[in-house]
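S.K.: Quick one: structure below, then a few questions.
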Amino acid sequence: MSEECVVLLHGMARSDSSMNKMETKLKEAGYIVVNFDYPSTQHNIESIATDYLPNAIAQCKPNVIINFVTHSLGGIVLRKYLSDNKLERLGRVVMLGPPNKGSEVVDKLKNVPGFEFINGPAGMELSTDKTSVPNLLGAVTYPVGIIAGSSTINPILSQMLPNPDDGKVSVENTKVEGMADHIILPVSHPFLMRNDEVIRQVKSFLKTGKFQHSIVSP
């Protein structure tokens with residue numbers, strides 16, 4: 001394939017190390033990979049998108065197509081950036097467990113002492129309220145494939161969510177208007193970026209613009 005770059009954006013309260021397996025597998029597939037670390041719990045979504053994401057994009061070689069693979073909060077940060085900026089060489093985007101319509105977990109826990117300390121200003125912006133950041137961003141206008149998880153290791157948080165869910169985000173709230181494809185896999189939120197089938201589906205969408213639905217049973 002022609003040379004392409006993939007920028008990896010980890011989720012809330014995680015680091016670039018959480019995307020290490022994804023990085024390795026995409027490099028093996030021939031992509032240039034930028035596994036970008038950003039302070040997800042120190043700033044709001046707009047600040048992360050404005051002050052940090054350009055640094056990730058700048059690490060891709062000039063004049064190559066730039067794709068993105070995001071986990072959780074990373075997807076909302078990217079949506080915010082692309083709502084304010086035009087990226088001429090934008091390729092395809094795969095979002096893993098994105099709270100594109102917010103999360104009921106935030107609705108129920110945002111006023112609990114310690115929630116903001118753990119999840120930061122960005123975490124407080126991910127409610128399902130119509131005025132929350134993800135719900136104000138509108139439809140996507142670029143090729144987006146979304147992988148939603150339907151398994152959970154956190155039954156307490158899952159009780160706060162409409163099922164099916166991945167323990168942090170409901171399957172329904174991962175969806176966004178304008179998306180090119182959507183697939184559900186039996187994986188929990190914290191493990192989406194390390195799951196072999198998820199990685200296989202990521203590579204499929206990056207290459208073809210669609211997932212391989214025929215061999216998946218949620």
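The values are calculated or read from the model by the stated rules, or taken from the named source; none is laboratory data. Every value quoted in this text rests on a predicted model; they were computed, and no experiment measured them. All Cβ positions, even for glycine, are placed from backbone atoms using ideal geometry, and neighbour counts span all protein chains on display. Side chains included, ligands, DNA and RNA excluded: accessible areas come from the protein's heavy atoms. Shrake-Rupley method; radii C 1.70, N 1.55, O 1.52, S 1.80 Å.
S.K.: How charged is the neighbourhood of VAL187? Take every other residue with its Cβ under 15 Å from the Cβ of VAL187, and add Lys/Arg as +1 and Asp/Glu as -1. Mind dumping the intermediate values first?
M.R.: Numbers: positive: LYS21, LYS168, ARG194, ARG200; negative: ASP165, ASP166, ASP196, GLU197.
Overall, the nearby charge balance is 0.
S.K.: For the chain, what does the helix formula give at 222 nm: sum of -39500 (n - 2.57) over DSSP H segments with n ≥ 4, over the residue count, nearest 500 deg cm²/dmol? The partial results should precede the final answer.
M.R.: Details: 9 runs with 70 residues, N = 218.
My calculation for the chain gives -8500 deg cm²/dmol from helical runs alone.
S.K.: Connecting C-alpha atoms closer than 10 Å in a GNM of the chain, tell me which of GLY74, GLY30, GLY149 has the biggest fluctuation.
M.R.: Evaluated over the chain, the most mobile residue of the options is GLY30.
S.K.: If each residue of separation counts as 0.36 nm, what is the full-extension length gain between ASP107 and ASN55 once their alpha-carbon separation is subtracted? Walk me through the numbers before you get to the answer.
M.R.: Values: separation 52, 0.36 × 52 = 18.72 nm, distance 3.17 nm.
15.6 nm is the gain from fully extending ASP107 to ASN55.
S.K.: Determine the per residue accessible area of the range 28-148 with all protein chains present and a 1.4 angstrom probe, expressed in square angstrom.
M.R.: Working: 5190 Å² over 121 residues.
That works out to 43 Å² for each residue.
S.K.: Which residues' amide hydrogens lie under 5 Å from the amide hydrogen of PHE68, considering only partners 5 or more residues apart or on another chain, with H built in the peptide plane?
M.R.: Those qualifying (amide H under 5 Å, at least 5 residues apart or on another chain) are VAL7, ARG92, VAL93, VAL94.
S.K.: Does the range 159-201 come out rounded, prolate or oblate by the C-alpha gyration tensor, with a ≥ b ≥ c the root eigenvalues, rounded set by a/c under 1.5 and, if not, prolate when a/b is larger than b/c and oblate if not? Let's see the in-between values first.
M.R.: Details: a/c = 2.46, a/b = 1.10, b/c = 2.24.
Oblate.
S.K.: Per residue and in cubic angstrom, what volume does the convex hull of the Cα atoms of the range 3-133 have? Each step should come with its number before you reach the end.
M.R.: Details: hull volume 12.5 nm³, N = 131.
Hull volume over Cα atoms, normalised by residue count, gives 95 Å³.
S.K.: Quick one: net charge of LYS203's neighbours, Cβ under 13 Å, K/R +1, D/E -1? Working shown, then result.
M.R.: Values: positive: LYS21, LYS25, LYS27, ARG92, ARG200, LYS207, LYS210; negative: GLU4, GLU23, GLU28, ASP196, GLU197.
Computed value for this residue: +2.
S.K.: Tell me whether the range 1-51 comes out rounded, prolate or oblate; compute the Cα gyration tensor, take square roots of the eigenvalues as a ≥ b ≥ c, and use a/c under 1.5 as the rounded threshold.
M.R.: Values: a/c = 4.51, a/b = 1.89, b/c = 2.38.
In terms of gyration-tensor shape, oblate.
S.K.: Still on this model: If the range 63-218 were replaced by its equivalent ellipsoid, with semi-axes equal to the square roots of 5 times the Cα gyration tensor eigenvalues, what would those be, largest first, whole Å? Working shown, then result.
M.R.: Values: eigenvalues 121, 79, 30 Å².
Listed largest to smallest, the semi-axes of the range 63-218 are 25, 20, 12 Å.
S.K.: Here's another thing I want to ask about it. Between ASP129 and SER15, what is the FRET efficiency for a Förster distance of 45 Å, r being their Cβ-Cβ separation, to the nearest 0.05?
M.R.: E between ASP129 and SER15, to the nearest 0.05, is 0.95.
S.K.: Based on alpha-carbon centroids, what's the gap between the range 63-97 and the range 120-138 in Å, whole number please?
M.R.: 17 Å
S.K.: If you take the Cα atoms of the range 104-177, find Rg, then find the Kirkwood Rh from the mean of 1/r over all pairs, what is Rg/Rh? All intermediate terms of the calculation are to be shown ahead of the outcome.
M.R.: On the way: Rg = 13.0 Å, Rh = 13.3 Å.
Rounded to two decimals, Rg over Rh is 0.98.
S.K.: Then there's this: For the chain, set up a Gaussian network in which alpha carbons nearer than 10 Å are linked by springs, and say which option among ASP165, ASP37, ASP84 fluctuates the most.
M.R.: Ranking ASP165, ASP37, ASP84 by mean-square fluctuation puts ASP84 first.
S.K.: Please list the non-local residues whose amide H lies under 5 Å from the amide H of LYS168, H modeled 1.01 Å from N, same-chain partners needing a gap of 5 or more.
M.R.: Under 5 Å from the amide H of LYS168: HIS189.
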